[in-house]
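Visitor: Okay, here's the structure, questions in a sec.
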Amino acid sequence: MVHADASNFAEGVTKEQAYEQVLLQAGGLFDGQRNWVCNLANAASLLWHAYKSLPHPSNQVNWAGFYTLDPQATYSKSQLILGPFQGKVACQLIAFGKGVCGTAAATQTTQLVADVEKFPGHIACDGDSRSEIVVPIVVGAAGEKKLVAIIDVDCAELDGFDEVDRKYLEQLAELLGRSCDW
Ligand code: SME
């Protein structure tokens, strides 16, 4: 199989089946490759093509990608910096605690937002985005868990994400956490 075939999703698959393929292909691509830029770039491609193969509202996803911990951040001023993604140009820096991404980073918890306009401090990188899910990628043992990146997916429809998205994106976050040198 050529590499690009990993991004081909059959018509008519369920969201669960599409995410299963994302996880399977990601696991294969990460085998023998621990560079985070490389792995996040391929993961963004897999997610993007998975959403585009699905029915409404998943096919209305308009941004799928990553922010990583900014190495220039200091202990008193932690921030995220834009990482690999698919979609339109986006905000470069996001302070911990700001918007949906910054909240997920600061709290190390998934943010499932049905209507971004109701989320206090939401950062409107793209006015088309109506709903959003952000999943933290954390590494380290319990008690000393460190945030290294977040998965961010935006949808141009309200209520674009549900518990299926949460379940599989959290599995992808766990896979990425242990598959890359951060
Ligand atoms: N809306 C996000 C900012 C990132 S972009 O959507 C790509 C937020 O509020 O954190």
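Visitor: It is to be established whether one or more residues within the range 49-60 are hydroxyl-bearing (Ser, Thr, Tyr), within 13 Å of the ligand (Cβ to nearest atom), at pLDDT 95 or above and touching a Cys at 6+ places or on another chain (Cβ under 9 Å).
Guide: no
Visitor: Here is a further query. Going through VAL148, VAL139, VAL116, VAL134 one at a time, which residue ends up being within 13 Å of the ligand (Cβ to nearest atom), closer than 26 Å to ASN42 by Cβ and buried (at least 16 other Cβ atoms within 10 Å of the Cβ)?
Guide: VAL134
Visitor: Additional query: What do you reckon, is ALA4 part of a loop (DSSP other than H, G, I, E, B) and either touching a Cys at 6+ places or on another chain (Cβ under 8 Å) or more than 21 Å from ILE150 (Cα to Cα) (or both)?
Guide: So ALA4 fails the test.
Residues are listed down the side, and each one gets a yes or a no for (1) out of contact with any strand residue (DSSP E or B) (no Cβ under 8 Å at 6 or more places or on another chain); (2) within 21 Å of PRO136 (Cα to Cα); (3) surrounded by 15 or more Cβ atoms within 10 Å (Cβ to Cβ):
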residue	(1), (2), (3)
ALA4	yes, no, no
GLY12	yes, no, no
GLY27	yes, yes, no
ASN62	no, yes, yes
GLY65	no, yes, yes
GLY102	no, yes, yes
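Visitor: Also, quick follow-up: Does any residue of the range 87-97 turn out to be under 20 Å from SER76 (Cα atoms), of a type outside the set (Phe, Trp, Tyr) and near the ligand (Cβ under 9 Å from one of its atoms)?
Guide: Yes, the range 87-97 contains at least one residue that is under 20 Å from SER76 (Cα atoms), of a type outside the set (Phe, Trp, Tyr) and near the ligand (Cβ under 9 Å from one of its atoms).
Visitor: Do we find that VAL89 is among the aliphatic types (A, V, I, L, M), over 18 Å from ARG178 (Cα atoms), at pLDDT below 95 and part of a loop (DSSP other than H, G, I, E, B) in this structure?
Guide: no
The values are calculated or read from the model by the stated rules, or taken from the named source; none is laboratory data. All of these numbers come straight from a predicted model, not from anything done at the bench. Cβ atoms come from the backbone with ideal geometry, glycine included; neighbour counts cover every protein chain shown.
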